[in-house]
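Chemist: I am attaching a structure below and will ask some questions about it afterwards.
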Amino acid sequence: MEKNNPINDMLQESMAKLRELADTNTIVGQPITTPDGVTLIPISRVSLGVGGGGSIFGKKKDANPEGNLGAGMGAGVTIAPVAFLIVKDGFTRMMPVAAPPMNTVDRVVEMAPDVIDKVTGFIEKQQDKKKAKAEAAEEER
């Protein structure tokens with residue numbers, strides 16, 4: 001028999017709510033039929049993240065046999081449209097949705113090679129200047 005405790009209850013309830021959010025109707029949406037007989041079926045990408053934990057502490061035989069609960073849980077769901085399935089006259093084709101705008105991290109990763117090239121070029125110019133100054137100083141001696 002599984003021992004039931006408040007942490008287990010919290011996790012079970014959270015997972016049930018996440019299942020409601022990320023069911024198959026979220027990934028493959030309800031078909032939409034247009035007046036001219038075209039059926040559109042939205043397709044989405046769903047990402048889930050869950051983390052949690054807790055502890056029961058302060059158990060005392062007389063005062064508090066159940067103990068005190070310290071627990072926390074966090075969850076996140078991202079739903080992004082990916083494409084539409086278009087059904088017309090018995091033929092099906094897929095129309096991708098444009099990529100979402102890049103976030104800051106994507107921009108930084110994309111810019112990194114350019115920044116490295118510029119920094120490297122700047123350092124090389126500085127070294128060339130120092131070398132030229134050193135050569136000029138030696139020629140004067």
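Chemist: Using a 1.4 angstrom probe on the protein heavy atoms only, could you order Glu124, Glu138 from most to least accessible area?
Modeler: Of Glu124, Glu138, the descending order of accessible area is Glu138, Glu124.
Chemist: Taking the Cβ of Leu85 as the center, what net charge do the other residues with Cβ under 15 Å away carry, scoring Lys and Arg +1 and Asp and Glu -1?
Modeler: My count for the surroundings of Leu85 gives +2.
Chemist: Add +1 for every Lys or Arg and -1 for every Asp or Glu among the other residues with Cβ under 15 Å from the Cβ of Glu13, and state the total.
Modeler: Numbers: positive: Lys17, Arg19; negative: Asp9, Glu20.
Around Glu13, the surrounding residues sum to 0.
Chemist: Now for a separate question. For the pair Ala137 and Ile27, what calculated FRET efficiency results from E = 1/(1 + (r/R0)^6), where r is the Cβ-Cβ distance and R0 = 41 Å, to the nearest 0.05?
Modeler: Once rounded, the FRET efficiency stands at 0.05.
Chemist: Within the set of other residues whose C-beta is less than 14 Å from the C-beta of Thr39, count the net charge using Lys and Arg as +1 and Asp and Glu as -1.
Modeler: After counting each charged neighbour, the total is 0.
Chemist: Distance in nm between label sites at Lys130 and Thr78, each 7 Å beyond Cα in the beta-carbon direction?
Modeler: Placing both labels 7 Å along Cα→Cβ, they lie 4.3 nm apart.
Chemist: Could you calculate the FRET efficiency of Met95 with Met15 from 1/(1 + (r/R0)^6), where r is the beta carbon distance between them and R0 is 22 Å, rounded to 0.05? The partial results should precede the final answer.
Modeler: Details: r = 34 Å, r/R0 = 1.54.
Between Met95 and Met15 the formula returns 0.05.
Chemist: So what does Lys17 come to for accessible area, using a 1.4 Å probe and Å² rounded to 10?
Modeler: In the full protein context, Lys17 sits at about 110 Å².
Chemist: For the full complex of protein chains and a 1.4 angstrom probe, list Ile56, Ile86, Ile79 by accessible area with the highest value first.
Modeler: Numbers: Ile56 60, Ile86 20, Ile79 85 Å².
Solvent-accessible surface, decreasing: Ile79, Ile56, Ile86.
The values are calculated or read from the model by the stated rules, or taken from the named source; none is laboratory data. Note that the structure is a prediction, hence the values are computed from the model and not measured. Glycine also receives a Cβ, built like all others from the backbone with ideal geometry; neighbour counts cover every protein chain displayed. Heads up: the accessible areas ignore ligands, DNA and RNA and are worked out on the full protein's heavy atoms, side chains in. Shrake-Rupley method; radii C 1.70, N 1.55, O 1.52, S 1.80 Å.
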